[in-house]
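Here the structure is laid out as structure tokens; the discussion comes afterwards.
Since every read-out is calculated from the coordinates, none of them should be taken as a lab result. All values reported here derive from a predicted model rather than from experimental measurement. A quick note on method: Cβ atoms are made from the backbone with ideal geometry, for glycine too, and the neighbour counts reach across all protein chains shown.
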Amino acid sequence: MHVFADFAARLRAILVTLAAEGVIGHLPDLSRVVVEPPRDPSHGDLATNAAMALAKDLGMKPRDLAEAIAAKLGADADVASASIAGPGFVNLSLTETFWRDQLAKALRDGEDFGRPPPRSDAWVNVEYVSANPTGPMHVGHCRGAVFGDALARLLEFSGEPVTREYYINDAGAQVDVLARSVFLRYREALGEDVGEIPEGLYPGDYLKPVGEALVAAHGSALRNQPEKEWLPVVRTEAIAAMMTMIRADLAQLGIRHDVFFSERSLHGEGGAIDQAVEELTKHGLIYVGRLAPPKGQLPEDWEDREQTLFRATSFGDDVDRPLKKSDGSYTYFAADVAYFRSKFERGFNEMVFVMGADHGGYVKRLEAVGKALSGGAARVSVELCQLVRLFRNGEPFKMSKRAGEFVTLRDVVDEVGRDAVRFMMLFRSNDAVLDFDFAKVVDQSRDNPVFYVQMAYARTQSTLRKAVEAHGELPDSINFSLLSDAGELALIKKVAAWPRIVEQAAASRQPHRIAFYLHELASDLHSHWNRGKDSPDLRFIMENNPLLTHARLGLVKAVALVLASGLGILGVSAPDEMR
């Protein structure tokens, strides 16, 4: 239990006591009560809104209730002072002894510090990347790939079982275009002069090896076959080649998936889509009708006709959604319905879809499908990742394109490295546009967040190595009461905040909170380190005071543990030294 949850439990116990003593008439609903850091750090360590949240229900004035709560909290042995601010906030300052005990706990827990107990009531499917298998990964896929992987790592650290999934869009028209593009490269590999790549086909040179592989496997046997015969063969082998390339691209970023799910497997008579539509029909959620035209300019493919529709508006969507096209074939949305049903039947009770910013229209429709097919038992969340804008030295920048019409993910990783890409993709909320400056992310200065955090970890390791060389390993028993400097206590409090940061980041599905926290922790460490340069009595290693040295090294070790855990969640390395 972290500090804030601990005091929330103490607050609940106090309210039970106040009810028993007749100070309050009954034990109220505590769902709106929070214990959190005060907005102004000078007000103390913790603050609660309990008096303001509960006063109306209890028929009391907020400050009167706050005084009763503050009196009880002030009597707690771990509370140095309890005060009332504004309309009824109760602010707490905790004792130095309490904070030192949190440091000792962090060291006892070691690598498990900040991990909540494993959950058995949740099984989460995180689907991310899911790029069309028509070419190498490009920079536009990068942010969602890193976000999805970091979110999966965060949820695992938080005790939630996670399956990482990639949805292969191998059933749409784009894979037939891929097959025709590859067939052109196949003919080229056989010695034909194919000239300019026709408009509408994929022009990238990355398809040349695929054409050559077809020659190696089939010789010239495919060349004179009609399209209906060679297309399925070429399509299958082209998709396999693209997925091999995509897996390799993702590996460059340290990204993996547990499941690669084929959209094509949903199709076919009596298949998963038919079954999903049949299930919705049984529940009265399918009807034939006409949709009102969308507001604004009509899209080119708009059809004013009767359609087979899903009652998405019954579950919070803006409009009902078509399941069949005019030719009787299923829409992409019908495949989405069947895909969700597959996940639910595989035992997942939470599905996270990580998508690009241009998929904002999918949010309500996927939530509607989740409610309809699970009866409200499954949680669906769609996390949208905004665009990445490339810069160099503050100027908008376009990299040379080596794969047709886009900048590849490999181009970016090759230039700045995996760690810089991953950290910077997470150093901003996923719902905000991100500016990625190639010069800044390799700059070895405090202005480069990833360098700044990794340098902090390297400093902890350098300090611990020097201490071991000079004084041996840390003893099991350390007297942390010797830590009394304001900078030391600030570092202890920052370390103690780690479990709450993990809890909040996981609950909100926001891994960028981890990156922000690590940067703050690194800043506190660097600041205290620099104070030691000017004041020798604040240095971590005191040659003539081994007991104080042990206490300070214990603090350094705790900072290192948290930095390593946080960087691990982000998928960024924790280097022992910076080169």
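A few points about this structure:
- Listed by chain and number, the lysines whose alpha-carbon sits under 19 Å from that of Lys557, ignoring those within fewer than 8 places in the same chain, are Lys105, Lys466, Lys493, Lys494.
- Residues Trp99, Trp123, arranged from fewest to most other Cβ atoms within 10 angstrom of their Cβ, appear as Trp123, Trp99.
- Prolate/oblate/rounded call for segment 1-134, Cα gyration tensor, a/c under 1.5 rounded: prolate
- The H on the amide N of Ala80, modeled in the peptide plane, is under 5 Å from the matching H of Ser93, Leu94, Thr95, each at least 5 residues off or on a different chain.
- Taken about its Cα centre, segment 107-201 carries a charge dipole of roughly 240 debye when the Cβ of each Lys and Arg holds +1 and the Cβ of each Asp and Glu holds -1.
- Solution diffusion estimate, µm²/s, Stokes-Einstein, the chain, Kirkwood Rh from C-alpha pairs, 25 °C, viscosity 0.890 mPa s: 88
- Highest average packing first - 144-150, 92-98, Cβ atoms within 10 Å: 144-150, 92-98
- Working note: Karplus 6.51/-1.76/1.60 with θ = phi - 60° gives segment 446-456 the couplings 5, 6, 9, x, 5, 4, 4, 6, 5, 5, 4 Hz, where Gly and Pro are set to x.
- Couplings 3J(HN,Hα) of segment 22-36, computed from phi: x, 5, 10, x, 7, 8, x, 5, 9, 5, 9, 7, 10, 10, 8 Hz, in residue order, whole Hz [Karplus 6.51 cos²θ - 1.76 cosθ + 1.60, θ = phi - 60°; x for Gly and Pro].
- Considering only Gly86, Tyr517, Gln504, and ranking their Cα positions along the charge dipole of the chain that arises from unit charges at the beta-carbon of Lys, Arg, Asp and Glu, the one farthest toward the positive end is Gly86.
- Only Lys, Arg (+1) and Asp, Glu (-1) charged, at Cβ; segment 305-460 dipole about Cα centre in debye: 300
- Over the chain, dividing the summed -39,500 (n - 2.57) contributions of all DSSP H runs of at least 4 residues by the number of residues returns a 222 nm mean residue ellipticity of -15500 deg cm²/dmol.
- Compactness of segment 449-570, expressed as Rg and Dmax over alpha-carbon positions, Å: 14.7, 48
- The chain, dipole about Cα centre (Lys/Arg Cβ +1, Asp/Glu Cβ -1), debye to the nearest 20: 640
- Segment Asp537-Arg12, extension gain: residue separation times 0.36 nm, minus the distance between their alpha carbons: 184.7 nm
- The packing ranking, built from the mean of other Cβ atoms within 10 Å per residue, places the peptides 16-28, 257-269, 424-436 in the order 424-436, 257-269, 16-28, highest first.
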